[in-house]
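Data block below; observations after.
The values are calculated or read from the model by the stated rules, or taken from the named source; none is laboratory data. Being a predicted model, the structure only gives us computed values, none of them experimental. Note: ideal-geometry Cβ built from the backbone for every residue, glycine included; neighbour counts use all protein chains shown.
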Amino acid sequence: MKDPYSVLKYPLSTEKSVRAMEAENKIIFIVDAKATKKEIKEAMEQMFKVKVLKVNTLFDMEGRKKAYIKLAVENPAIDVMTKLGLM
């Protein structure tokens, strides 16, 4: 497995990502362009000790790879963002 710090680059803290965090319990991260969904899930679970249900990825217009990471109900996304100092 890759180093989790090389897979997950940084979280997005835009208005859309905050809305997704509150409404759907999702966190949006910019990730390594070559990272797979499985690597993203393992990195998130290892770094933050949370249960990940699903990972969706896409490349945005700027060429960055975004990962929409859906967390389990027992792990609120707002708690993870608070640990990162973004909330």
- Within the stretch 24-31, is even one residue in contact with a Leu (Cβ under 9 Å, 6 or more places away or on another chain), over 20 Å from LYS2 (Cβ atoms) and part of a loop (DSSP other than H, G, I, E, B)? yes
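If you check MET21 against the conditions, is it at pLDDT 90 or above, crowded, with 16+ Cβ neighbours inside 10 Å and either in a strand (DSSP E or B) or not β-branched (Val, Ile, Thr) (or both)? If you could, list the steps in order and put the result at the bottom.
Working: at pLDDT 90 or above: yes; crowded, with 16+ Cβ neighbours inside 10 Å: yes; either in a strand (DSSP E or B) or not β-branched (Val, Ile, Thr) (or both): yes.
Yes.
Quick test for you: out of LEU12, LEU86, LEU53, pick the one residue that is surrounded by fewer than 15 Cβ atoms within 10 Å (Cβ to Cβ) and not polar (S, T, N, Q). First the steps, then the outcome.
Values: LEU12 fails: surrounded by fewer than 15 Cβ atoms within 10 Å (Cβ to Cβ); LEU86 fails: surrounded by fewer than 15 Cβ atoms within 10 Å (Cβ to Cβ).
It is LEU53.
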- ILE40 fails exactly one of the following numbered conditions: (1) touching a residue at least 24 places away in the same chain (Cβ under 8 Å); (2) assigned to a strand (DSSP E or B). What is the number of that condition? (2)
- Note on the structure: ILE69 passes all but one of the listed conditions (1) touching a Lys or Arg at 6+ places or on another chain (Cβ under 7 Å); (2) surrounded by fewer than 17 Cβ atoms within 10 Å (Cβ to Cβ); the exception is number (2)
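Tally the residues that are part of a strand (DSSP E or B) and within 16 Å of ALA20 (Cβ to Cβ), restricting the search to the stretch 54-76. Spell out the reasoning first.
Initially, the stretch 54-76 is screened for residues part of a strand (DSSP E or B), giving 54-59, 65-71.
Still in the running and within 16 Å of ALA20 (Cβ to Cβ): 54-58, 66-71.
Number of matching residues: 11.
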- Kindly indicate whether MET81 is assigned to a helix (DSSP H, G or I), in contact (Cβ under 8 Å) with a residue 60 or more places away in the chain and surrounded by 13 or more Cβ atoms within 10 Å (Cβ to Cβ). yes
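Taking only the stretch 65-79 into account, find how many residues are within 19 Å of ASP3 (Cβ to Cβ) and at pLDDT below 95.
Filtering the stretch 65-79 down to residues within 19 Å of ASP3 (Cβ to Cβ) leaves 65, 67, 69.
From what's left, at pLDDT below 95: none.
Residues flagged as within 19 Å of ASP3 (Cβ to Cβ) and at pLDDT below 95 within the stretch 65-79 amount to 0.
Could you please find all residues in the stretch 39-51 being closer than 15 Å to VAL7 by Cα and among the aliphatic types (A, V, I, L, M)?
Quick first cut of the stretch 39-51, residues closer than 15 Å to VAL7 by Cα only: 39-48.
Those that are closer than 15 Å to VAL7 by Cα and among the aliphatic types (A, V, I, L, M): ILE40, ALA43, MET44, MET47.
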